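A.B. asks: Before anything else, here's the structure in question.
The values are calculated or read from the model by the stated rules, or taken from the named source; none is laboratory data. The structure presented is a predicted model; accordingly, all values stated were derived computationally and were not measured. Cβ sites come from the backbone with ideal geometry, for glycine too, and all protein chains shown count toward neighbours.
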Amino acid sequence: MNPSIYLEVVVQGVLTGLVYGLMALGLSVIFGVVRVVNFAHGEFTVAAMYAAFLLFTLFGIDPLVAMVPIAVAFFGIGYGLQLALVHRFVGRAEHEQFILLIGLAIIIVNGTLLIFGADARPVRLPYGFDSFLIGPVIVDKVRLYAAAAALTVAAALFLFFRFTATGTAIRACADNLVGAAVVGLDVRKLYALTFGLGLACVGAAGALMETIADAKPELGPVYTLIAFIIVILGGLGSMAGALVGGVLIGVSEALAGLFIAPSMKSMVSFALLILVLALRPQGLMGRRT
Amino acid sequence: MIEALNPRARVLLVGLLAALLAAPLFADRYLMSVLILIFYFAYVGQAWNLMMGFAGQLSLGHALYVGLGGYVSALLWLKLGIGPWLGVFAAVAVAAAFGAAIGWLGFRFGIAGVYFALLTIAFAEFTRIGFDHIDYAGAAGGLFLRVEETGQWWNLRGGTLMFYYLALALAAGALALTAWLARTRIGYQWLAVREDEEAARALGIDVFRAKMAAVLISSGLTAVGGVFTAFYNNSLFPSRVFDINRSIEIILAPIVGGLGTVFGPVVGAFILTPLGEVLTALTDRLGINAPGVKAAFYGLALMVIIVLRPAGVWPWLARVLRLTEHRR
């Protein structure tokens, strides 16, 4: 076997992992601020994949472009969902939040199944099989574009949280909720904004994911679990951790697919999750609270 | 709060049990199969309820114990000719061993709440993919029990009638066990741990032991349900039995009926299963090929219940029909 294949697989894993990371970033942001675990995260991702599929099939819009309107639409969905439904669960028992979102997840999975059927829905891009030759390594064009777009969105989100007044206000809510309310921040609105931003990440990640994987209803729970594994690996609330965790999972799955068997690759992720939960529950980059 | 049925409710309960015992006299095969499903979900729901409803430990991986129970008993029967009445002990032992491993990891390393739920999912998914590659157990292609051997109740090879009474006995037995456990020392310890772990520890309760007891009992009981499904359905596929959707199905009835109540899982199963069947029949009648309708409805039911009645249907029902005397 050509030794450069290992490098290729690793590069592929890194690129896929960045898209995973963007998806997980949404989960991390929502949990870090609203303290609600979005158990429908992967299902929303798959819904975004279908949205990208529809926009491409009906209007021929490249998912790299469609990602913008999809992210905006998902922001709206998240904002409305938080205000209408999730907000009344803030501060309630963990299992009640969990059950609410599991219910939502089941509805999304089966809703997409009803509308689109069980068959995979791929997007056939004209440059879908193009690749770059960087040194000895062949890199898929779609994967490279998707990863670059994911990094861009993640960077934009990071800058928003770091340098805007609203971003600072949201971080204040995460750090000290009572304090934030005392200085007069509209927590309800900021929470809705945060959930919206989290789902915007999902919308963008889903659109990008559609270029490297085919939309299928049953992918929902799979992506939810991947997002959770990444966030726990990287450390909840750590934005950089989500990207690092995503890359880690992307690479480990790619390598496991190469060395063990493609069908067993997620076993490695689950084993990693169990290990991290037991040995370093704050995640690789998180701080113990 | 322990639900104490008043005399009127006791009469109703005995009447219901008598009606169910006599049901095979007038029910057709279809109705029987629906009742079997109700009993099954009441049973496994009860097992899950002991762990989550009473001890407060959220497991989203109970399909693991169902699958292990089913696979162990089916393999013993197929490969070694050991019947399920013996095999069930091995099934319970294996499932309880997995439960012990998960519980030990979770409770020793302080993995709580959502993290614990994820741990249980991780174990179930890990096992699912593992079984996909165990050739001895049929791998992804599944394991099949021969259906032509009937009329051997001692090997659980029988018709609908046998499985009907078995399922009824399991559901009733789990109900009685829960009602009893809720009044024992460990039952009260579970409630204390569920409400406030620190306070429970301060009272001198061995929290680790109480939680481990809940996991062991719950996983063991669930494995018996697995033995039942394996021999009732005659087939096992890793992608079916260990699937996360199976775990979610198990938790539906107790949540809808009422978490942490003795009658919640039964009430929930009696509500959800028939509604799901009606929905399937309705879409069939309308000629719509709608594979996700039933599940989507279950998802909606979960959301509606948790928004409107987070305590479940049973506490409300009991109040409206005045079935319980609330003692502390």
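A.B. asks: Identify, from the list B:Ser247, B:Ser239, the residue that is modelled with pLDDT of 85 or more, surrounded by fewer than 16 Cβ atoms within 10 Å (Cβ to Cβ) and either within 14 Å of chain A (Cβ to nearest Cβ) or not in a helix (DSSP H, G or I) (or both).
C.D. replies: Values: B:Ser247 fails: surrounded by fewer than 16 Cβ atoms within 10 Å (Cβ to Cβ).
The conditions single out B:Ser239.
A.B. asks: Among the listed residues B:Gly226, B:Gly173, B:Gly187, B:Gly159, which satisfies the condition of being within 25 Å of B:Leu35 (Cβ to Cβ) and crowded, with 16+ Cβ neighbours inside 10 Å? Give the derivation first.
C.D. replies: Working: B:Gly173 fails: crowded, with 16+ Cβ neighbours inside 10 Å; B:Gly187 fails: within 25 Å of B:Leu35 (Cβ to Cβ); B:Gly159 fails: crowded, with 16+ Cβ neighbours inside 10 Å.
After applying the criteria, what remains is B:Gly226.
A.B. asks: When you scan the stretch B:79-101, do you find a residue that is without any contact (Cβ under 8 Å) to a residue 40 or more places away in the chain, under 25 Å from A:Val268 (Cα atoms) and within 14 Å of chain A (Cβ to nearest Cβ), even just one?
C.D. replies: There is at least one residue in the stretch B:79-101 that is without any contact (Cβ under 8 Å) to a residue 40 or more places away in the chain, under 25 Å from A:Val268 (Cα atoms) and within 14 Å of chain A (Cβ to nearest Cβ).
A.B. asks: Let me ask something else. What single numbered condition from (1) within 14 Å of chain B (Cβ to nearest Cβ); (2) of a type in the set (Gly, Ala, Ser); (3) more than 24 Å from A:Tyr191 (Cβ to Cβ) fails to hold for A:Ala84?
C.D. replies: So A:Ala84 meets the others, but not (3).
A.B. asks: Quick one: B:Ala210 ticks every box in (1) of a type in the set (Gly, Ala, Ser); (2) closer than 30 Å to B:Ser33 by Cβ; (3) in contact (Cβ under 8 Å) with a residue 12 or more places away in the chain except a single one, so which number is it?
C.D. replies: The one condition B:Ala210 does not meet is (2).
A.B. asks: Read through the list (1) out of contact with any strand residue (DSSP E or B) (no Cβ under 6 Å at 6 or more places or on another chain); (2) basic (Lys, Arg); (3) touching a residue at least 12 places away in the same chain (Cβ under 8 Å), then give the number of the only condition that A:Arg124 fails.
C.D. replies: Result: A:Arg124 fails condition (3) only.
Residue-by-condition table, conditions (1) under 28 Å from A:Leu114 (Cβ atoms); (2) at pLDDT below 85; (3) within 14 Å of another protein chain (Cβ to nearest Cβ):
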site: A:Val244; (1), (2), (3): no, no, no
site: A:Glu253; (1), (2), (3): no, no, yes
site: A:Ala261; (1), (2), (3): no, yes, yes
site: A:Arg288; (1), (2), (3): no, yes, yes
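A.B. asks: If you don't mind, there's one more thing I want to ask. Would you mind finding the one in B:Ala97, B:Ala55, B:Ala42 that is farther than 22 Å from B:Ala172 by Cα, of a type in the set (A, V, I, L, M, F, W, C) and within 23 Å of the chain's Cα centre (by Cα)?
C.D. replies: B:Ala97
A.B. asks: Looking at the stretch B:262-282, is at least one residue more than 14 Å from chain A (Cβ to nearest Cβ), in contact with a strand residue (DSSP E or B) (Cβ under 8 Å, 6 or more places away or on another chain) and either without any contact (Cβ under 8 Å) to a residue 12 or more places away in the chain or not in a loop (DSSP other than H, G, I, E, B) (or both)? If you could, list the steps in order and put the result at the bottom.
C.D. replies: Filtering the stretch B:262-282 for residues more than 14 Å from chain A (Cβ to nearest Cβ) gives B:262-263, B:265-267, B:269-271, B:273-275, B:277-278, B:281-282.
Adding the requirement that they be in contact with a strand residue (DSSP E or B) (Cβ under 8 Å, 6 or more places away or on another chain) leaves B:262-263.
Narrowing further to those that are either without any contact (Cβ under 8 Å) to a residue 12 or more places away in the chain or not in a loop (DSSP other than H, G, I, E, B) (or both): none.
For the stretch B:262-282, residues more than 14 Å from chain A (Cβ to nearest Cβ), in contact with a strand residue (DSSP E or B) (Cβ under 8 Å, 6 or more places away or on another chain) and either without any contact (Cβ under 8 Å) to a residue 12 or more places away in the chain or not in a loop (DSSP other than H, G, I, E, B) (or both): absent.
A.B. asks: Pick from the stretch A:90-107 the residues that are more than 8 Å from every other protein chain (Cβ to nearest Cβ) and closer than 28 Å to B:Val293 by Cβ: which of them is nearest to the chain's Cα centre (by Cα)?
C.D. replies: A:Leu101
A.B. asks: Out of all the residues in the stretch B:127-142, is one or more at negative phi, outside any helix (DSSP H, G or I) and either touching a residue at least 24 places away in the same chain (Cβ under 8 Å) or facing chain A (nearest Cβ under 8 Å) (or both)?
C.D. replies: Going through the stretch B:127-142, the residues at negative phi turn out to be B:127-137, B:140-141.
Narrowing further to those that are outside any helix (DSSP H, G or I): B:132-134.
Then keep just the ones that are either touching a residue at least 24 places away in the same chain (Cβ under 8 Å) or facing chain A (nearest Cβ under 8 Å) (or both); that gives B:132-133.
Taking every residue of the stretch B:127-142 in turn, at least one turns out to be at negative phi, outside any helix (DSSP H, G or I) and either touching a residue at least 24 places away in the same chain (Cβ under 8 Å) or facing chain A (nearest Cβ under 8 Å) (or both).
A.B. asks: Tell me the residue from B:Val266, B:Val262, B:Val307 that is at pLDDT 85 or above and more than 22 Å from the chain's Cα centre (by Cα), please.
C.D. replies: Numbers: B:Val266 fails: more than 22 Å from the chain's Cα centre (by Cα); B:Val262 fails: more than 22 Å from the chain's Cα centre (by Cα).
Exactly one residue qualifies, and that residue is B:Val307.
A.B. asks: Let me ask something else. Anything in the stretch B:1-29 that is more than 22 Å from the chain's Cα centre (by Cα) and not hydrophobic (A, V, I, L, M, F, W, C)? List them, or say none.
C.D. replies: Just the residues of the stretch B:1-29 that are more than 22 Å from the chain's Cα centre (by Cα), to begin with: B:1, B:4-12, B:14-15, B:18-19, B:22-29.
Hits for the stretch B:1-29 are B:Asn6, B:Pro7, B:Arg8, B:Arg10, B:Gly15, B:Pro24, B:Asp28, B:Arg29.
A.B. asks: Can you confirm whether the stretch A:117-127 contains a residue that is surrounded by fewer than 19 Cβ atoms within 10 Å (Cβ to Cβ) and at the interface with chain B (Cβ under 9 Å from one of its Cβ atoms)? Give the derivation first.
C.D. replies: Step one: list which residues in the stretch A:117-127 are surrounded by fewer than 19 Cβ atoms within 10 Å (Cβ to Cβ), which gives A:117-120, A:122, A:124-127.
Cutting the leftovers down to at the interface with chain B (Cβ under 9 Å from one of its Cβ atoms) gives us A:117-118.
Yes, there is a match, as at least one residue in the stretch A:117-127 is surrounded by fewer than 19 Cβ atoms within 10 Å (Cβ to Cβ) and at the interface with chain B (Cβ under 9 Å from one of its Cβ atoms).
Conditions (1) surrounded by fewer than 24 Cβ atoms within 10 Å (Cβ to Cβ); (2) more than 13 Å from chain B (Cβ to nearest Cβ); (3) not in a helix (DSSP H, G or I), marked per residue:
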| position | (1), (2), (3) |
| --- | --- |
| A:Ala204 | no, yes, no |
| A:Ala207 | no, yes, no |
| A:Thr211 | no, yes, no |
| A:Pro217 | no, no, yes |
| A:Leu225 | yes, no, no |
| A:Ile229 | no, no, no |
| A:Ile232 | no, no, no |
| A:Gly237 | yes, yes, yes |
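A.B. asks: Since A:Leu85 meets every condition but one in (1) crowded, with 17+ Cβ neighbours inside 10 Å; (2) under 30 Å from B:Thr280 (Cα atoms), which condition does it not meet?
C.D. replies: Failing condition for A:Leu85: (1).
A.B. asks: Same structure again: Looking at A:Leu144, A:Leu133, which is the one that is at pLDDT 90 or above and more than 14 Å from chain B (Cβ to nearest Cβ)?
C.D. replies: None of the others qualify; the one that does is A:Leu144.
A.B. asks: Kindly list the number of the only condition in (1) within 14 Å of chain B (Cβ to nearest Cβ); (2) more than 30 Å from A:Pro126 (Cβ to Cβ) that fails for A:Gly78.
C.D. replies: Looking at each condition in turn, A:Gly78 falls short on (1).
A.B. asks: Quick check: anything in the stretch B:24-42 among the charged types (D, E, K, R) and within 14 Å of chain A (Cβ to nearest Cβ)?
C.D. replies: No; the residues of the stretch B:24-42 include none that is among the charged types (D, E, K, R) and within 14 Å of chain A (Cβ to nearest Cβ).
A.B. asks: Take A:Ala180 and decide whether it is small (Gly, Ala, Ser), under 13 Å from the mean Cα position of the chain (by Cα) and away from every other protein chain (no Cβ under 14 Å). Please lay out each step first, then the result.
C.D. replies: Working: small (Gly, Ala, Ser): yes; under 13 Å from the mean Cα position of the chain (by Cα): no; away from every other protein chain (no Cβ under 14 Å): yes.
Spelling it out, it is not the case that A:Ala180 is small (Gly, Ala, Ser), under 13 Å from the mean Cα position of the chain (by Cα) and away from every other protein chain (no Cβ under 14 Å).
A.B. asks: Condition first: more than 10 Å from every other protein chain (Cβ to nearest Cβ) and either on the phi > 0 side of the Ramachandran plot or surrounded by 15 or more Cβ atoms within 10 Å (Cβ to Cβ) (or both). Can you find one or more residues in the stretch B:287-300 that meet it?
C.D. replies: Residues of the stretch B:287-300 that are more than 10 Å from every other protein chain (Cβ to nearest Cβ), as a first pass: B:287.
Of the ones still in play, those that are also either on the phi > 0 side of the Ramachandran plot or surrounded by 15 or more Cβ atoms within 10 Å (Cβ to Cβ) (or both) are B:287.
Yes, the stretch B:287-300 contains at least one residue that is more than 10 Å from every other protein chain (Cβ to nearest Cβ) and either on the phi > 0 side of the Ramachandran plot or surrounded by 15 or more Cβ atoms within 10 Å (Cβ to Cβ) (or both).
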